[in-house]
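Novice: What follows is a single structure, and I will ask about it in a moment.
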Amino acid sequence: MDFRLDDEQQDIKDLVRKFAQNELAPHAADWDEQARFPREILKPLAELGLAGILVAEDLGGMSLSRLTGAIIYEELARADLATATWLSVHNMVAGLIARFGDDDQRRRWVPDMARGEILGAFSLSEAHAGSDAANLRTTARRDGDHYVVNGTKFWVTNAGQADLYTVMVRTDPDGGARGISTLVIEKGMPGFSIGKIERKMGLQSDPTGELVFEDCRVPMANRLGTEGEGFKIALASLDGGRVNIGAASVGLAQAAFDVATRYAQERQAFGRPIGGFEGIQFMLADMAMRIEASRLLVYQAAQKMDTGESAGLYAAMAKCFATDAAMAITTDAVQVLGGAGYVRDWPVERYMREAKVGQIVEGTNQIQRLVIARALLGETAGAVADAR
Ligand code: COS
């Protein structure tokens, strides 16, 4: 077991850190304040290869590992969690089409995504189907060589900004989880409009909103995989998404820790830096431990995905632990800064608002615990025991 990054991973980490600290960090607070999606940085990100992280090189991608992807999201989020989040969704969709699409579909969409010409989005949730995702009701009825789609999707990251949406729809009304299919629905298709864009606690530069379908005709050629395979496609994609959210939370927590540490060294109280007091030291020590533990869990889950092992359990553990840790760490960072932590001159209040979403997106942390418990009590319990 080697805990060091290899030369390529270290080079990519350095490159992404430089880009993120120069091009994202100085603007993150303004983008959030103005709720402005920085579309103009998609191209520069793509030029670095970051819009096709997992995609094969013959489709214009970088063919990087999940582990390298995790390192990338960590560095991006250390500068701006919102950018890491929307880019991870874009890459999840590019990877999903590359994995589950046929040759025509891959060539039609993936190279443009990798070049940053078009932006992707992923849509599973509905008003009454968030955690209970298999209960979704948006229908897709066959009509000749088209589907006619009706319904409203909720909580869609990149809503309105994206050019293509991988949408989970119900093709069999009585089929439960096996009655769901995945359609690629493109911006501008008649009958497809964007509904309400939410006003959120944080991540305001990254739009979250509704997709509205009213007799929207989608060619059957836009269906990914077979009919009824959509729920598996969604959950398999979310396994990777969960690792990325975990990685981004590590970056966010690291950013909060960096500010808190610097502040503790500089801020004077009772005649010495506040870092000289045990009350602050213990908080910083706990923050550092949690960051390291989160990072190791994220790297482990990513590596298991890279080696093709069954990784859902580890993705859930990494996502749940790292996002809970980021919530605690950003909250403590505000506490270390005291009054300064609560005002917008410092970034930690934004970090704390942003951390919250990690415990909710890509499956709430209650759902992650459910996934973990099911895996432990079910058929993988033996595998987990063996690994010890
Ligand atoms: N990868 C691939 N397939 C998976 C899978 C995974 N990680 N998890 C489950 N499946 C498959 C199951 O194998 C099952 O297939 P079969 O019917 O062939 O056996 C099918 O999907 C249904 O699984 P299950 O019975 O476990 O579904 P449940 O309705 O009980 O729900 C939870 C499972 C709750 C875990 C799931 O709905 C979930 O993760 N919810 C959260 C959704 C989410 O993350 N949303 C984020 C927002 S994205 S916009």
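The values are calculated or read from the model by the stated rules, or taken from the named source; none is laboratory data. All values derive from a computational prediction rather than experimental measurement. Quick reminder, even Gly has a Cβ in these numbers, built from the backbone with ideal geometry, and neighbours come from all protein chains shown. Heavy atoms of the whole protein, side chains included, go into the accessibility calculation; ligands, DNA and RNA do not. Shrake-Rupley method; radii C 1.70, N 1.55, O 1.52, S 1.80 Å.
Novice: Within the accessible area of the chain, what % is carbon and sulfur when the probe is 1.4 Å and the other protein chains stay in place?
Specialist: 51
Novice: Is there a quick way to get the dipole size of the chain? I mean about its Cα centre, with the Cβ of Lys and Arg at +1 and of Asp and Glu at -1; what is the value in debye to the nearest 20?
Specialist: For the chain, the charge dipole is close to 720 debye.
Novice: With a point put 7 Å past each Cα toward its Cβ, work out how far Arg267 is from Ala56 in nm, to one decimal.
Specialist: 5.3
Novice: Expressed as a fraction of 2.2 N^0.38 Å, the rule-of-thumb size for a compact globular protein of N residues, what is the C-alpha radius of gyration of region 7-118?
Specialist: 1.05
Novice: Then there's this: Taking the alpha-carbon distance from Lys356 and a cut-off under 23 Å, which lysines remain once sequence neighbours fewer than 8 residues away in the same chain are dropped?
Specialist: Lys153, Lys196, Lys200, Lys319
Novice: Along the charge dipole of region 1-65, pointing to its positive end and built from +1/-1 on Cβ of Lys, Arg, Asp and Glu, which listed residue (Ala56, Ala28, Ala46) has its Cα farthest out?
Specialist: Selected residue: Ala28.
Novice: Also, I was wondering about something else. On average, how much area does the Cα convex hull of region 188-277 cover when viewed from any direction, in nm²?
Specialist: 9.9
Novice: Now a separate question. With a cut-off of 8 Å between alpha carbons and a minimum separation of six or more residues, what is the relative contact order of the chain in percent?
Specialist: 15
Novice: Report the local net charge at Ala35: Lys and Arg +1, Asp and Glu -1, summed over other residues whose C-beta lies under 11 Å from its C-beta.
Specialist: Result for the neighbourhood of Ala35: -2.
Novice: Same structure again: In Å², what does the accessible area per residue of the chain work out to with a 1.4 Å probe?
Specialist: 45
Novice: Using the Kirkwood radius built from alpha carbon pairs, what does the Stokes-Einstein equation give as D for region 95-254 at 37 °C and 0.692 mPa s, in µm² per second?
Specialist: The Stokes-Einstein estimate is 204 µm²/s.
Novice: Per residue and in Å³, how big is the convex hull formed by the alpha-carbon atoms of region 237-387?
Specialist: Residue-normalised Cα hull volume stands at 110 Å³.
Novice: Using 1/(1 + (r/R0)^6) with R0 = 22 angstrom and r between the beta carbons of Asp215 and Gln34, what's the FRET efficiency to the nearest 0.05?
Specialist: The pair Asp215/Gln34 has a calculated efficiency of 0.05.
Novice: Whose amide H sits under 5 Å from the amide H of Glu126, counting only residues 5 or more places off or on another chain, with H placed in the peptide plane?
Specialist: Phe154
Novice: For region 154-170, what does the Karplus curve 6.51 cos²θ - 1.76 cosθ + 1.60, with θ = phi - 60°, yield as ³J(HN,Hα) per residue in whole Hz, taken in order and with x for Gly and Pro?
Specialist: Along region 154-170, the couplings run 10, 6, 8, 5, 6, 4, x, 8, 6, 9, 9, 10, 8, 10, 8, 10, 8 Hz.
Novice: Applying the Karplus parametrisation 6.51 cos²θ - 1.76 cosθ + 1.60 with θ = phi - 60° to the phi angles of region 240-248, what ³J(HN,Hα) value in whole Hz is obtained for each residue in order, glycine and proline being reported as x?
Specialist: x, x, 5, 4, 5, 5, x, 4, 5
Novice: How large is ³J(HN,Hα) for each residue in region 305-318, as worked out from phi by the Karplus curve 6.51 cos²θ - 1.76 cosθ + 1.60 (θ = phi - 60°), to whole Hz, x for Gly and Pro?
Specialist: Once θ is set to phi - 60°, the couplings for region 305-318 become 5, 5, 8, x, 6, 5, 10, x, 4, 6, 5, 5, 4, 5 Hz.
Novice: Under a no-solvent Debye model with one identical scatterer per Cα of the chain, what's log10 I(q)/I(0) at q = 0.11 Å⁻¹?
Specialist: Each listed q maps to, in turn, -0.77.
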